[in-house]
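The values are calculated or read from the model by the stated rules, or taken from the named source; none is laboratory data. Computed from a predicted structure; not experimentally measured. Cβ placement follows ideal geometry from the backbone for every residue including glycine, while neighbour counts extend to all protein chains displayed. Each accessible area value is taken on the protein alone, full model and side chains, heavy atoms only, with ligands, DNA and RNA left out. Shrake-Rupley method; radii C 1.70, N 1.55, O 1.52, S 1.80 Å.
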Amino acid sequence: MKKRNATARSRREGSHYRLSAVSARFAFEILSRAGRARRGRLHLPHGVVETPAFMPVGTRGAVKAITIDAVRDLDADILLANTYHLHVRPGDDRIARLGGLHAFVGWSRPILTDSGGYQVFSLAARRRVTEDAVVFQSHLDGQPLSLSPESAVDIQSRLGSDVAMILDECPSWPIPQTDAEAAMERTLRWARRGRARFEALGTAAAAAVTVSTPGQAQFGIVQGGTFLDLRDRSVAGTVAVGFEGYAIGGLSVGEPTATMYDVVAHTAQALPEAAPRYLMGTGTPDDLVESVARGIDMFDCVLPTRNARNGQLFTNVGRINIKNARYGEDQRPLDRDCACYTCRTFSRAYLRHLFLAGEIAAATLNTLHNLNFYLDTMRGIRDAIAFGRFESFRIAFHQRWSRQAVDS
Ligand SMILES: [Zn+2]
């Protein structure tokens, strides 16, 4: 019996594992495909992530308005945390001394940390970019700080995420091609430095840096704005450095949706088939479906959590503004096709009342629902790919989901 299992396992590995080799703790297998869409499984030090995956955003080590237990009960496989915020407060040194981010926040499943670059470019005051580092002032107390390709690696090593991101330069949109090119080229130079530092972790050269999670993986980030030739050059250079996975950065920054889809399709196709592909900071539910169709495996976005706190709810018939007067005596659940605690238990009328009364529970219940909707969408996508009906899922999804609020 034992022998048969072992044989079965090796046969399975032989047929399914297409791996960018890495540490023993990292693997990505593609289980099935539908066109360019992939149903996969990402193996990380703290567990397995079923892909395509959505990562709830836990900016400061918490998903706003809900407990970490609730995130687990929603069955999220992986959490995203923000390096910049945790570096500024309470500090990555402190988190390392407390046993790393998993222990600190009470989450035993995988965590991905961004590099802090995006926040530095969007939040920090008096920012100055040099070849060596980004120098800026803390958005909290004005304290002078800097982030270099190397220190971004060190900070994420102390935090102990399962996946660390390289420091990239995130330009705004629109941007002239020459500026997009300069940012892309700098990101490439920083990628080489970040990878060199990452490979030095655990050796004498980085002896002072705590490694909170052995086997951490590192993803490179492709930049280049909406210029496809720059994206090609960025892919070639980033893949030449070599990472466990690859992210597409610099999208969802205001460009038209059709442009974003074109860049995603073009860039995803150019990336290595065997490595996971992560589209950063995107998007609406239909953006997820359309990006999966173009070959993306991982997503993060603040939309479900932020919109929940503003009373904007994602449902199977489209977006709902719960503050709308029409829900004042509406006894129906928010979304009759949703099995979350909020939809199983409360009426639209009650959710509207909580929101208008400014009750904290409104943010909690709305967040539970919106995250469940996003995670359900990903479960639906994964099943559809696995059962060979992704195209019909995609059509049905667009038929019932509307980008516009259904009550506006
Ligand atoms: Zn629900």
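If the chain between Ala274 and Lys323 were fully stretched, how many nm would it gain, using 0.36 nm times the residue separation less the Cα-Cα distance?
On the way: separation 49, 0.36 × 49 = 17.64 nm, distance 4.57 nm.
Full-extension gain reported as 13.1 nm.
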> Taking 0.36 nm per residue of separation and subtracting the Cα-Cα distance, what length does fully extending Ala240 through Gln399 add?
Replying inline: 53.1 nm
>> Can you list residues from other chains, or at least 5 along the same chain, whose modelled amide H is less than 5 Å from the amide H of Asp300?
In response: Met55, Gly281, Thr282
> Extension gain Arg332-Ser32, at 0.36 nm per residue separation less the Cα-Cα distance, in nm?
Replying inline: 104.2 nm
> What accessible area per residue comes out for the chain, rounded to a whole number of Å², with a 1.4 Å probe?
Replying inline: 42 Å²
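Considering only DSSP beta bridges with both partners in the chain, what is the antiparallel share in %, to the nearest 5? Could you put the intermediate results ahead of the total?
On the way: 24 of 47 bridges.
If I count the DSSP bridges inside the chain, around 50 percent turn out antiparallel.
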> Given the options Gly295, Gly35, Gly47, which has the most mean-square fluctuation in a GNM of the chain, springs set between C-alpha atoms less than 10 angstrom apart?
Replying inline: Gly35
> Per q in 0.12, 0.13, 0.28 1/Å, what log10 I(q)/I(0) does a Debye calculation on the alpha-carbon atoms of region 325-392 return?
Replying inline: -0.39, -0.44, -1.18
>> For a quick check, take a GNM of the chain with Cα springs below 10 Å and name the residue from Pro174, Pro276, Pro285 with the largest mean-square fluctuation.
In response: Pro174
> Carbon-plus-sulfur fraction of the accessible area of the chain, 1.4 Å probe, in percent?
Replying inline: 50 percent
> Which Cys residues of the chain have no other Cys Cβ less than 4.7 Å away and so no disulfide-compatible partner by this rule?
Replying inline: Cys170, Cys301, Cys340
>> Could you identify which residue out of Tyr84, Tyr350, Tyr374 has the top mean-square fluctuation in a GNM of the chain using Cα springs shorter than 10 Å?
In response: Tyr350
> So for region 22-113, taking the charge dipole from beta-carbon charges (+1 Lys/Arg, -1 Asp/Glu), which of Val105, Val88, Ile68 sits furthest toward the positive end?
Replying inline: Val88
> Which value in Å is the Kirkwood Rh of region 169-238 over different Cα pairs?
Replying inline: 13.5 Å
> Within the chain, which complete DSSP H helices have Cα atoms spanning at least 18 Å along the helix axis and a mean Kyte-Doolittle hydropathy of -1.0 or higher?
Replying inline: 228-241, 257-270, 360-386
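So for the chain, what percent of the C-alpha to C-alpha distances run longer than 31 Å? Don't skip to the end; give the middle numbers.
On the way: 32185 of 83028 pairs.
Considering the chain, 39 percent of its Cα-Cα pairs are separated by more than 31 Å.
Quick one: which of 157-164, 199-206, 232-239 comes out on top by average Cβ neighbours within 10 Å, and what's the full order, highest first? Walk me through the intermediate numbers first.
Values: 157-164: 27.2, 199-206: 13.6, 232-239: 20.0.
Descending mean neighbour count gives 157-164, 232-239, 199-206.
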> Applying 1/(1 + (r/R0)^6) with R0 = 45 Å to the Cβ-Cβ distance of Arg389 and Thr203, what FRET efficiency is obtained, to the nearest 0.05?
Replying inline: 0.40
